[in-house]
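Enquirer: Pasting a structure below so you can have a look.
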Protein chains: 2
Amino acid sequence: MNISHIEHIGIAVKSIDEAKKYYEDVLGLKCYAVEEVTDQKVKTAFFQVGQTKIELLEPTSDDSAVAKFIEKRGEGIHHIAFNTADTNEALKTAEENGIKLIDKEQRKGAEGLNIGFLHPKSTFGVLTEFCSKNN
Amino acid sequence: MNISHIEHIGIAVKSIDEAKKYYEDVLGLKCYAVEEVTDQKVKTAFFQVGQTKIELLEPTSDDSAVAKFIEKRGEGIHHIAFNTADTNEALKTAEENGIKLIDKEQRKGAEGLNIGFLHPKSTFGVLTEFCSKNN
């Protein structure tokens, strides 16, 4: 599996413009990028905190998964992403261990990473992502 | 404020014994400590992932905050803790910026850290903790 660190923490917000003020002005973090991920119907904003990024996720459509999350549970922490050597290999290992996958194969996510999600029903309620850079 | 990294991510689980199998056997992380925090009515289990710890939280009483969280929202990510130079100073700065505090002053948490929580109503739904070692 070879997890090196937590690559990012995804946080669902209604408005990046509003939430960014808290992360910048109160916590003193710096937003270094804003990016739209069209196939996930979200706008994202990134803040680096040591090894890990905070990734704010604002839905760009009412039918995005993040919009549904906010409707059901309110704003808050949405998922954790672990940096792995190889996302496809990590997904395969998880499946072999009885974990239900959302993504059978890696796909491209924000910042050009290879990403894949595990189903939170198999991971004690934590929506879990694997990501990797070079494979 | 001086946040250096994400110290830990707290995850509410019904049973550490059950969840530990996933973190160890599937993700390949190693549980290096199990500790009971009596005033928070939780048992905790720690896994180091790069700079950050995964902290599993199992309620030891039905009236613990973590038991209420699980009852309301199910198992899942409970809070994020930022490492700061000085928890009391970080709490003061947050309050001066209009953030509602759960803890007006730092107190002792797991692993002997000085900890203090911000109210999720002020932080876009994210239960947020500051912690520090040497003050």
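Enquirer: Which percent of the Cα-Cα distances in chain A go past 17 Å?
Expert: Summing the P(r) tail past 17 Å for chain A gives 59 percent.
Enquirer: Once the Cα atoms of the protein assembly as shown are picked out, what are the Rg and Dmax in Å?
Expert: Over the protein assembly as shown's Cα set, Rg and Dmax evaluate to 17.6, 51 Å.
Enquirer: If you average the sequence gap of Cα pairs under 8 Å that are 6 or more apart and divide by the length of chain B, what percent do you get for the contact order?
Expert: 25 percent
Enquirer: Give me the 1.4 Å probe accessible area per residue for the protein assembly as shown, excluding ligands and nucleic acids, in Å².
Expert: 45 Å²
Enquirer: Treating the beta-carbon of each Lys and Arg as +1 and of each Asp and Glu as -1, no other charges, what is the dipole magnitude of the range A:3-132 about its Cα centre, to the nearest 20 debye?
Expert: 260 debye
Enquirer: Leaving ligands, DNA and RNA out of it, report the carbon-plus-sulfur percent of the accessible area of chain B at a 1.4 Å probe.
Expert: Summing carbon and sulfur atoms, their accessible area is 45 percent of the total for chain B.
Enquirer: So what are the ³J(HN,Hα) numbers for the range A:80-85, from phi and the Karplus equation (6.51, -1.76, 1.60; θ = phi - 60°), rounded to whole Hz, Gly and Pro as x?
Expert: 10, 10, 9, 6, 10, 6
Enquirer: Give me the accessible area buried between chains B and A, both sides summed, with a 1.4 Å probe, in Å² rounded to the nearest 100.
Expert: The buried area between B and A, both sides summed, comes to about 3200 Å².
Enquirer: For B:44-52, what's the mean count of beta carbons from other chains sitting within 10 Å of each residue's beta carbon?
Expert: The per-residue average across the peptide is 4.
Enquirer: Something else about it: Taking the label point 7 Å from Cα in the Cβ direction, how far apart in nm is residue B:134 from each other copy of itself, listed shortest first?
Expert: Shortest to longest, the spacings are 3.5 nm.
Enquirer: Then there's this: Within 10 Å of each Cβ in peptide A:105-118, how many partner chain Cβ atoms are there on average? Round it to a whole number, please.
Expert: 0
Enquirer: Report, for the protein assembly as shown, the % of DSSP beta bridges that are antiparallel, rounded to 5.
Expert: 75 percent
Enquirer: Tell me the mean residue ellipticity at 222 nm calculated for chain A from its helices only (DSSP H runs of n ≥ 4, each -39500 (n - 2.57), averaged over every residue, nearest 500).
Expert: So the helix-based figure for chain A works out to -5000 deg cm²/dmol.
The values are calculated or read from the model by the stated rules, or taken from the named source; none is laboratory data. Because the structure is a prediction, the values reported are computed rather than measured. Here Cβ is always computed from backbone atoms with ideal geometry, including for glycine, and neighbour counts include all displayed protein chains. Just the protein is used for accessible areas: all its heavy atoms, side chains included, with ligands, DNA and RNA removed. Shrake-Rupley method; radii C 1.70, N 1.55, O 1.52, S 1.80 Å.
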